[in-house]
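Reading through the structure tokens given below for one structure.
The values are calculated or read from the model by the stated rules, or taken from the named source; none is laboratory data. As the structure is a prediction and not an experimental result, all values here were calculated from the model. A quick note on method: Cβ atoms are made from the backbone with ideal geometry, for glycine too, and the neighbour counts reach across all protein chains shown. Calculation scope for accessible area: heavy atoms of the full protein, side chains included, ligands and nucleic acids excluded. Shrake-Rupley method; radii C 1.70, N 1.55, O 1.52, S 1.80 Å.
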Amino acid sequence: MALMATTRTQLSRFLSRTLTRPGFIAFNGSIRRPEAPPVHRNFSSSAAAAAVVPQREPMGVKEYEDYRRSLYGDITHKALLVDAAGTLLAPSQPMAQIYREIGEKYGVQYSEAEILNRYRRAYAQPWGKSRLRYVNDGRPFWQYIVSSSTGCSDDQYFEEVYNYYTTDTAWHLCDPEAEKVFMALRKAGVKLAVVSNFDTRLRPLLRALNCEHWFDAVAVSAEVKAEKPNPTIFVKACELLGIKPEEAVHVGDDRRNDVWGARDAGCDAWLWGSDVYSFKEVAQRIGVQV
């Protein structure tokens with residue numbers, strides 16, 4: 001266990017040097033800028049400590065792969081971890097539109113642009129009532145978000161909005177070929193798990209979309225009591241699958257939460273919409289033809 005923590009910390013330090021300098025070269029060779037200021041993350045702590053990062057030469061795909069190989073050897077990806085919102089699933093309608101349309105009968109008068117701006121401000125504020133945003137069903141947090149976004153604190157309005165986002169009307173699959181690809185991966189022996197910052201509505205939502213059975217495990221932050229980028233949730237997903245973190249690759253659309261968090265746990269990670277654009281491409285990179 002001590003060796004595992006050491007190798008993860010080494011990888012974290014490598015990624016901090018590589019990924020956090022302005023204008024670094026992403027692992028697909030394209031020029032990218034990080035979405036967050038430079039941080040140094042340590043596997044033993046759930047909070048990242050700010051640090052001054054010295055200028056280094058940018059690293060590309062080969063350098064990163066060589067570094068992982070130096071730590072773990074030639075490891076085959078035995079499992080695929082997938083982010084939910086923004087990678088596996090996407091809202092079918094803009095959030096501000098839904099908040100406004102449902103809210104009209106409750107007296108909501110803000111425009112969609114105003115609702116969106118207020119939503120962003122509210123979501124960016126520290127959530128001081130607990131260390132996690134999504135505790136159990138997440139109602140206190142989402143009630144705060146909905147009322148802050150719309151100016152309406154009517155309980156019936158909130159329940160209507162809240163329940164809407166548990167239905168298959170509210171969400172759709174980002175990749176229409178997802179089922180075909182995931183079935184091919186499972187047939188090839190690759191284990192699958194969802195790893196998501198979400199409340200307890202995620203499981204019924206996956207059932208409503210008829211895709212829960214695609215996965216061998218679901219790691220939900222509200223259940224694990226840890227939110228990405230905390231590596232704990234990735235380690236838990238790997239435990240549920242019965243594999244080591246270094247044997248898994250995680251795919252998600254958020255560089256900090258998905259890529260940095262997964263790599264801090266020892267997993268490989270690819271950024272959805274940058275490193276990979278479809279689950280067929282993910283399968284091909286794993287070595288499974290669809």
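Of all residues in the stretch 163-214 being over 26 Å from V290 (Cα atoms) and among the β-branched types (V, I, T), which is most open to solvent (accessible area, probe 1.4 Å)?
So, considering only residues that are over 26 Å from V290 (Cα atoms) and among the β-branched types (V, I, T), the one most open to solvent (accessible area, probe 1.4 Å) is T169.
Name the single residue, out of those in the stretch 215-256 being small (G, A, S) and assigned to a strand (DSSP E or B), that is surrounded by the fewest Cβ atoms within 10 Å (Cβ to Cβ).
A217
For the structure I just gave you, tell me whether R120 is under 30 Å from C211 (Cα atoms) and not in a loop (DSSP other than H, G, I, E, B).
Spelling it out, R120 is indeed under 30 Å from C211 (Cα atoms) and not in a loop (DSSP other than H, G, I, E, B).
Going by the structure shown, is Q289 under 19 Å from K78 (Cβ atoms), open to solvent by 40 Å² or more (accessible area, probe 1.4 Å) and assigned to a loop (DSSP other than H, G, I, E, B)?
Answer is yes for this residue.
Can you name the residue in the stretch 146-184 that is of a type in the set (F, W, Y) and under 20 Å from the mean Cα position of the chain (by Cα) and, of all such residues, is farthest from K280 (Cα to Cα)?
Looking at the filtered set, the residue picked out is Y165.
Criterion first (under 10 Å from L81 (Cβ atoms) and assigned to a strand (DSSP E or B)) does A269 satisfy it?
yes
Here is a yes/no grid of residues against (1) outside the structural domain of R207 (by the TED database); (2) under 23 Å from the mean Cα position of the chain (by Cα); (3) closer than 20 Å to D199 by Cβ:
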| residue | (1), (2), (3) |
| --- | --- |
| L71 | no, no, no |
| A79 | no, yes, no |
| Q97 | yes, no, no |
| Q109 | yes, no, no |
| E112 | yes, no, no |
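Give the number of residues within the stretch 162-214 that are outside any loop (DSSP other than H, G, I, E, B) and of a type in the set (D, E, K, R).
8
Every residue, every condition in (1) out of contact with any helix residue (DSSP H, G or I) (no Cβ under 6 Å at 6 or more places or on another chain); (2) in contact (Cβ under 8 Å) with a residue 24 or more places away in the chain, yes or no:
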{"residue": "E104", "(1), (2)": "yes, no"}
{"residue": "Q125", "(1), (2)": "yes, no"}
{"residue": "G138", "(1), (2)": "yes, yes"}
{"residue": "N163", "(1), (2)": "yes, no"}
{"residue": "H172", "(1), (2)": "yes, yes"}
{"residue": "V181", "(1), (2)": "no, yes"}
{"residue": "V190", "(1), (2)": "yes, yes"}
{"residue": "D199", "(1), (2)": "no, yes"}
{"residue": "R207", "(1), (2)": "yes, no"}
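Give the residue that is farthest from S130 (Cα to Cα), with candidates limited to residues of the stretch 215-271 that are touching a Pro at 6+ places or on another chain (Cβ under 7 Å) and either without any contact (Cβ under 8 Å) to a residue 12 or more places away in the chain or not hydrophobic (A, V, I, L, M, F, W, C) (or both).
If we take residues in the stretch 215-271 being touching a Pro at 6+ places or on another chain (Cβ under 7 Å) and either without any contact (Cβ under 8 Å) to a residue 12 or more places away in the chain or not hydrophobic (A, V, I, L, M, F, W, C) (or both), then G266 is farthest from S130 (Cα to Cα).
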